[in-house]
1. How many nm is it between the label spots at Met115 and His262, if each spot is 7 Å from the Cα in line with the beta carbon?
2. Per the Kirkwood definition applied to all pairs of different Cα atoms, how many angstroms is the hydrodynamic radius of the chain?
3. Counting only Cα atoms, I'd like the Rg/Rh figure for the stretch 81-197, Kirkwood definition for Rh.
4. Hey, can you grab everything whose amide H is under 5 Å from the amide H of Asn51? Only 5+ residues off in sequence or another chain; H modelled, so Pro and N-termini drop out.
5. Over the chain, what relative contact order in percent results from Cα pairs under 8 Å that are six or more residues apart?
6. For the stretch 218-291, which whole percent of the accessible surface, found with a 1.4 angstrom probe, sits on carbon and sulfur atoms?
7. Rounded to the nearest 20 Debye, what is the dipole magnitude of the chain about its Cα centre when Lys and Arg each give +1 and Asp and Glu each give -1 at the C-beta?
8. Cα extents of the stretch 185-286 along the three principal axes, largest first, in whole Å?
Amino acid sequence: MADKDGLKVAKDYHLDAPFANEGGFYVKGAGNLDWGMKKHLSNIFDPKSGNTVMFAFDHGYFMGSTAGLERLDLVIPPLIPYVDVLMGTRGALRTCVPPENRKGIALRVTSGSSMLNDDLSHECLAVDLEDAIRMNADCMAVQTFIGADGQLSSLENLSRCINEAMRYSIPVMGVVAVGKDMERTDRFFKLATRILAELGANIIKTYYCENFEEIIAACPVPIVVAGGKKLPENEAMTLAYNSIKGGAKGVDMGRNIFQSNHPVEMAQSIRKIVHEGYTDKEAFEYFTDLINK
Ligand code: 5RP
């Protein structure tokens with residue numbers, strides 16, 4: 001390990017130079033992966049736009065039933081046509097998602113905490129590779145806690161999951177957690193996203209922040225942006241727009257869709273930004289037209 005003395009702060013991200021993608025496959029950093037991995041990644045990232053709209057409903061794995069997700073069986077099916085990937089727990093998927101749906105599956109595989117904990121940073125790998133294969137998962141999502149007490153165990157979870165998933169060509173998505181002790185700064189997100197990518201994650205889920213383009217440039221795999229807490233719809237669209245404009249290859253939205261008064265129209269509008277180049281303002285106009293029809 002390089003000694004920490006004399007570490008120079010990274011500063012030149014060559015933002016004008018596109019990623020020198022090895023092997024030419026359209027998903028960043030996946031050029032040297034095998035056919036099966038690429039197939040799973042193409043079930044996540046649309047080959048035309050290169051982007052994805054993930055609908056996240058895995059909150060119950062530590063929050064229990066949260067506002068807007070009281071009835072998974074009623075909330076999820078109407079949204080399926082308008083998203084690319086379903087991000088959920090195996091319990092939610094098996095009980096409330098029609099298996100005949102054709103969408104990508106991002107399977108939440110870690111667990112171990114609840115809202116009753118103060119420190120949420122200690123999780124375990126709860127779903128094994130066999131069950132991910134049974135669920136036909138297109139990626140396994142592992143929560144990581146950089147800078148928190150659970151850092152070592154969470155990075156061990158990520159590494160173990162990657163080791164196993166690689167054996168059967170299943171991509172792994174490293175999820176950057178932001179706990180109360182973690183600063184939502186570009187410095188933190190640059191560190192966290194790069195660590196997860198260097199450990200072998202094929203996709204990173206993180207949050208939007210200032211200097212986001214530098215985070216994207218420094219990360220050799222695609223980044224999707226979590227929606228975070230519920231915002232007014234126009235602000236959520238601005239978040240999605242800024243994320244895509246900044247180089248994210250998609251969003252992973254939960255609360256800003258299922259806590260909207262118009263979840264389906266919200267998903268349709270976010271889709272316009274992610275896949276059709278709409279600005280946030282154009283998407284909000286589209287949303288307004290939809291709900292006033
Ligand atoms: C919940 C998660 C969610 O997948 C992620 O945060 C996206 O959901 P939201 O847009 O509501 O933040 O990790 O634990």
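1. 2.8
2. 19.2
3. Rg/Rh for the stretch 81-197 comes to 0.98.
4. Asp46
5. The normalised contact order for the chain reaches 17 percent.
6. Using a 1.4 Å probe with all protein chains present, the stretch 218-291 comes out at 48 percent carbon and sulfur.
7. For this selection, approximately 440 debye.
8. On the principal axes, the stretch 185-286 reaches 39, 23, 23 Å in Cα extent.
The values are calculated or read from the model by the stated rules, or taken from the named source; none is laboratory data. Just so you know, these numbers come straight off a predicted model, no measurement behind them. Cβ atoms come from the backbone with ideal geometry, glycine included; neighbour counts cover every protein chain shown. Surface accessibility is based on the protein's heavy atoms, side chains included, excluding ligands, DNA and RNA. Shrake-Rupley method; radii C 1.70, N 1.55, O 1.52, S 1.80 Å.
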